[in-house]
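Taken together, the values in this text are just the output of simple stated rules run on the coordinates, not laboratory data. Remember, it's a predicted structure, so these values are computed and weren't measured experimentally. Cβ: placed from backbone, ideal geometry, glycine included. Neighbour counts: every protein chain shown.
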Amino acid sequence: MRALALSRLRVRRLGATLVAVVLAVAFVAGTLIYRDTARAALYDEYARGARNVGVALTARGGARLDPAALDALRADAGVAAADGRMAARLPLLDRNGRLVTDLGEPGFAVNAGAVAALRPFDLHAGRLPEREGEAALDARTAARIGATVGADVTVVDAGETRRPLRLVGLVDVTGVGGSGTSTVVLTDAELTRLTGDRGYREVVASLRPGADAAAVRERAARLDPAARARTGDQLRRDLAREASGQLSGLLVGIALFALVAVLVAGFVIVNTFTILMAQRLRETALLRCVGAGRGQVFRLVLAEAALVGLAGAVAGTALGVLVALGLSRLSPVLGLPAGPVVLGPLPLLAGPALGVLVTVAAAVAPALRSARVRPVAALRAAAPSPRPRGRLSVVLAGLSAVAGAALTVVGVRGTGGPLAGMTLVMLGGIGIFLALLLLAPRLVGPVVRALGWLPGRLFGVPAKMATANAARNPARTAATTATLLIGVALMAGGGTVAATVSRTAEARLNAAFPVDFLLTPAVAGQSVPAEVAGEIRAAGFPVVVPVRQGRAGDVLVGTLDPAALAGGLPSPRPGAAVVPAGSAAARSGRVDLVAGPRRLSLTVAAAQNSSLAGDVLVTAADFDALFPDVRDDAMVLVSGGTRARLDAALAAHPLVQVADLAQVRDERDAAIGQFVAVIAALLGFALVIAVIGIGNTLSLSVLERAPESALVRALGLTRAQLGATLLTEALLMALAGALGGVAFGVPYGWLTTTAALGGTVLFDVPVARLALFVGLAALAAVVAAVLPARRAARTANLVVPPA
């Protein structure tokens, strides 16, 4: 039986299946290898904070450890060396005097420390600061602002005074307040002088050989009962969990795309073995005639599938290393550190196992059909035409569609919140999609005939034959087009989500802030000085609207002058507020605000979508009644003039941050474009597999239709016309799958966005992008059909072979 299974392997017939397995396994193995690679790189990045640390004592919240705790820890018998770590906010300015921020937050200053082995950073270039007026800077920020060793950098001290520092070195450092923030390294005295911060954020110690870390930790805990004492191993585990949190979401997303690739490969494998078993009907029947049992035939087909799966899985695992290398090169774009590829045992074992399991599982149904072939089938001239699916598939499709529609409706209503709503819509989409797959054999025939009507009128017999061939076996065509349908549906859905989010965000931003610039405090918890608005007006800016804010429980209350924005926002009235659309206050017509001992009951003047100015907008008089002590501004809205003139007007206020809303829009659009590009790149594997499936189906069909091709050649069809028939058939199948994917992906992209954003969502269809997806899918399918078409034209003899 083993020799027979080997003899049945034909690269010509199973090559496409082999490629599909290779690509699917490569994506899965590459994902697993990248997971280990990215995790190792991230752990190494964060491990600097725990390197050589045996015991750590960390202050909680904003508290600081007294220097006496460091002295006491140094005196511990089990401690070899100890050092204190300081950290405090210290805004950094670039060469144009603008604040350097990361996600809207200014950076930190840390101390250089006295023990080199316990520093949470590595020296990258130059040296560490040793005296007043010197500083080192993290290398990432230095590259960002163009700072070099020997140049001056400017920071803003606690009194909002600019302080120049000579840059003497560059360091590689794990972000103190979160990865990515700028980090300035100073001496202890300089850090205290500039920030006013005293005491240590953390005290760390290395241990003497043989010292009991747990015992030292217990003694360290008694130095400050309010602090958190950990052994070095505990600190490393905590840092590892923090690193994993940054990586888990990305890995889940990539794993989902890998699952799509495996699913598409499964469709290709099922289709391939279904066609092969139909072509081998006589061969299988002859095996039954010479004594092969059903079980032997079943095992023979599965053995053939296992051999193909094993070969593809081994090659796919090797290719997965290159996939992981490519993903690792993209890590800096995703805000993650890059590192050398890590080859663990799981990817090397899981890749081959997955390839074999998926291939064998996909071949089970064709193997069962093959095992049911009777010996008398050897007398038939050809394989019987497949019977259409019965009522069971229609019933199952109806149940799946009803369940999917119900989940979708509940998700769009958003009763459980945005995340729950989006999840329900996605689950509902899966239900609708399963129904579509079950009904595809009944739908694909009419769709292909409709798509082929115009080509048949324009190009005559070859196009009409192509349409008839594609519609002749709807089950096979449905399985072939399903691979493209999955990939294009995800691309269309992702593109629609991106376009709808962009248009909705643009409209909401314009409605909430029809201005050019937004001024906010750079440091959380602070405010914009009240005199800033007057100074900007004096600089000649025509629109300057200060916004004051206060918090009444969980409600952010704001006040501004909407008239100054030329009617861009609904206006509150004395005793009447503007509330969020869809809120309980909007439905009841009243809102009660409580701030400490003061209470304010207001009617509703208007409802609007969420605004940065506040959840509830009130008049200045009502705001003063509720918050009499709030005088400074939470933000200032500015229009007119240039960014350079605004920066000059704010020269005396370096801690006022300027958001250029035009730049915000550009950055948002760039991020959305990058999102779509990443989706397209990750789904590229699935689409390549899908196109290979179309070429594979046509290649096998060429062998199956050899007598038919010879007959039509004898009736006058030229070789070029026969080749054109195959190319047109591929085009029709690709268009059927791609257009079906667009028809499914676009509405579910819109529904997913509606559930995620809530309120009024402005639906936007990226027509040009979708047309590009469909065009590329069609072109790729035609290219994949070139070789089968040439083979058909070359091998179709004018003599009709005997039956």
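Take the alpha carbon atoms of the stretch 78-100, find their center, do the same for the stretch 205-221, and report the distance between the two centers in whole angstrom.
Cα centres, the stretch 78-100 to the stretch 205-221: 27 Å.
Along each of the three principal axes of the Cα atoms of the stretch 93-150, give the extent in whole Å, ordering the values from largest to smallest.
34, 25, 21
Using a basic spin-label model with each label point 7 Å from the Cα along Cα→Cβ, how many nm lie between Thr161 and Arg208?
Going by the 7 Å Cα→Cβ label model, 4.7 nm.
Testing the spin-label approximation: label points 7 Å from Cα along Cα→Cβ at Arg228 and Asp71. State their distance in nm.
2.8
For the stretch 476-514 and the stretch 534-554, what is the centre-to-centre distance using only Cα atoms, to the nearest Å?
38
Order 479-486, 499-506, 105-112, 341-348 from most to least packed using the mean count of other Cβ atoms within 10 Å.
Per-residue mean Cβ counts within 10 Å order the peptides as 479-486, 105-112, 499-506, 341-348.
Report the full-extension gain for the segment Glu506 to Val394: residue separation times 0.36 nm, less the Cα-Cα distance, to one decimal in nm.
36.0 nm
Using mean Cβ contacts within 10 Å as the protection proxy, how do 363-371, 534-542 order, highest first?
Order by mean packing, descending: 363-371, 534-542.
Find the relative contact order for the stretch 51-242 and round it to a whole percent, using C-alpha pairs within less than 8 Å whose residues are 6+ positions apart.
Value for the stretch 51-242: 37 percent.
Please tell me the relative contact order of the stretch 527-654 in percent, rounded to the nearest whole number, where contacts are Cα pairs under 8 Å and at least six residues apart.
37
Once you have the Cα-Cα distance between Val523 and Arg98, take 0.36 nm times their residue separation minus that, and quote the gain in nm to one decimal.
Full-extension gain reported as 151.6 nm.
Given the Cα-Cα distance of Asp647 and Ala114 and 0.36 nm per residue of separation, how much length would full extension add, in nm?
My answer for the length gained is 187.9 nm.
Beta carbons within 10 angstrom, averaged per residue: use that to sort the peptides 746-753, 191-198, highest first.
Descending mean neighbour count gives 746-753, 191-198.
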